[in-house]
Amino acid sequence: MGTPDRHRLIGELLRKREEVSVDELVAATGASGATVRRDLEILAANGVLKRVHGGARSLLARGDNPGYGQRELEDHEAKLKIAAAVDTLLKDREHVWLDSGSTATEIARRLSQRDLTVMPMSLHGVEALTHAKEGRRPQLILPGGSLIPGERSFRGPMTEANIRSLRFDTAVVTPCALNLKDGLLAHDLDDAAVKRAGLESASRVIVASSGSKWNASAVALVAAMETVDVIVTDLKPSSEDLARLDKLSVEVVIA
C-alpha cells in the first residue's frame, strides 16, 4: 500500500473512531511500525489527527467540521473524476474564478497546464496551478485579503471587493453542501460571502460537488440553485431531483 492510500485509510478510520493505535494501523495497512508512526506525524502536521502515545486521536470527536487535511484524504477518486469533467467544460483563454477547498485544489492540479486566466481562492490552489514545470501555465490573479490558517484560503472584505472588481467567464464553486430546497451552502458566513462574490461576478456558474455533499448540512446560504448553470458530480441524482434541475435549466454532468 502506497503512502497516499495509507493516509486515506488512516483518515477514514479516524472518521469512524475516536482513537486508533499504531498496532492496529500496522495490521490494517501492512506497513511497519516506523512507517505508520511517520505517517501519523505527517498527518498530525497537516491537521488530520492528534498524535498521542501509541497511536492517534480523531479531531472530529466533538462534532467539529473536518479540517482541510482530513477532507483532502476523502472522496479522492470522485474528486479526480470531477476535476477531469470540469476541465472539459472550460475553453482556452477563459477567465476563471476558482473556489477554495480540497475539490478546488484537485481541479487546480488538472488546470495547471491550461491556457487560462485563473483567480484561485486559496494558496493550495495557487501551488497546484503553478506545479507544472514545463509547457503552458495559467496566468494567475490573486485576490488578496486575510488568509485563514489550515485552509490557506482568502477571506474578508478586501477579497470580496477584489473579486467583484472583475468579470469572469466562469466561476467554479465547490460548496460545503447543497440541496434543491436551499441551494448552495457553506460552513461559515465568511466563506459563503466569498463564494457568493465569485458566482455573482461570472457569466457562467459551474458547481463541482461530490455525492457526499448532496443533502449534507451547513449553516450559511451561498446562493439559490437558480444561479447555477452546470453541476458536476460523481453521483447521479434521483429522477425527481433531475426533473427539478431540468426545470431550473441546470445541466448535470456525471463524472
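The values are calculated or read from the model by the stated rules, or taken from the named source; none is laboratory data. All figures in this text were calculated on a predicted structure; none of them were measured in a lab. Cβ coordinates were reconstructed from backbone atoms using ideal geometry, including for glycine residues, and neighbour counts include every protein chain displayed. Side chains included, ligands, DNA and RNA excluded: accessible areas come from the protein's heavy atoms. Shrake-Rupley method; radii C 1.70, N 1.55, O 1.52, S 1.80 Å.
Please work out the average accessible area per residue across the chain, using the 1.4 Å probe convention, and give it in Å².
48
State the answer as a single residue: which of V126, A83, S32 lies farthest towards the positive end of the charge dipole of the stretch 1-134, with beta carbon charges of +1 for Lys and Arg and -1 for Asp and Glu, about the Cα centre.
S32
Name the residue from L49, A197, C176 whose Cα lies farthest towards the positive end of the charge dipole of the chain, charges +1 on Cβ of Lys and Arg and -1 on Cβ of Asp and Glu.
Of the listed residues, the answer is L49.
Springs between alpha-carbon atoms under 10 Å, Gaussian network over the chain: tell me which of E127, E151, E24 tops the mean-square fluctuations.
E24
Cα-based Rg (one decimal) and Dmax (whole number) for the chain, in Å?
Rg, Dmax (Cα atoms, Å): 18.8, 56.
What list of ³J(HN,Hα) couplings, whole Hz, do you get for the stretch 192-202 from phi and the Karplus terms 6.51, -1.76, 1.60, once you set θ to phi - 60° and write x for glycine and proline?
With coefficients 6.51, -1.76 and 1.60, one gets 4, 5, 5, 4, 5, 4, x, 6, 6, 9, 10 Hz.
Do you know the relative contact order of the chain, to the nearest whole percent, from alpha carbon pairs under 8 angstrom that are 6+ apart?
Relative CO of the chain lands at 14 percent.
Which of the residue pairs K16/K247; K50/K213; K50/K81; K79/K195; K16/K213 have a Cα-Cα distance greater than 29 Å in the structure shown?
On the way: K16/K247 38 Å; K50/K213 25 Å; K50/K81 31 Å; K79/K195 19 Å; K16/K213 18 Å.
Violating the 29 Å Cα-Cα cut-off are K16/K247; K50/K81.
Could you compute how much accessible surface L40 exposes when probed at 1.4 Å, giving the result in Å² to the nearest 10?
0
Quote the charge dipole size of the chain about the Cα centre in Debye, to the nearest 20; the model charges only the Cβ of Lys and Arg (+1) and of Asp and Glu (-1).
Details: 34 positive and 36 negative charges, 76 e Å.
The calculation lands at about 360 debye.
Can you give the angle from 0 to 90° between the axis of helix 33-45 and the longest principal axis of the chain, with both taken from C-alpha atoms, to the nearest 10?
Relative to the chain, helix 33-45 is tipped by roughly 40 degrees.
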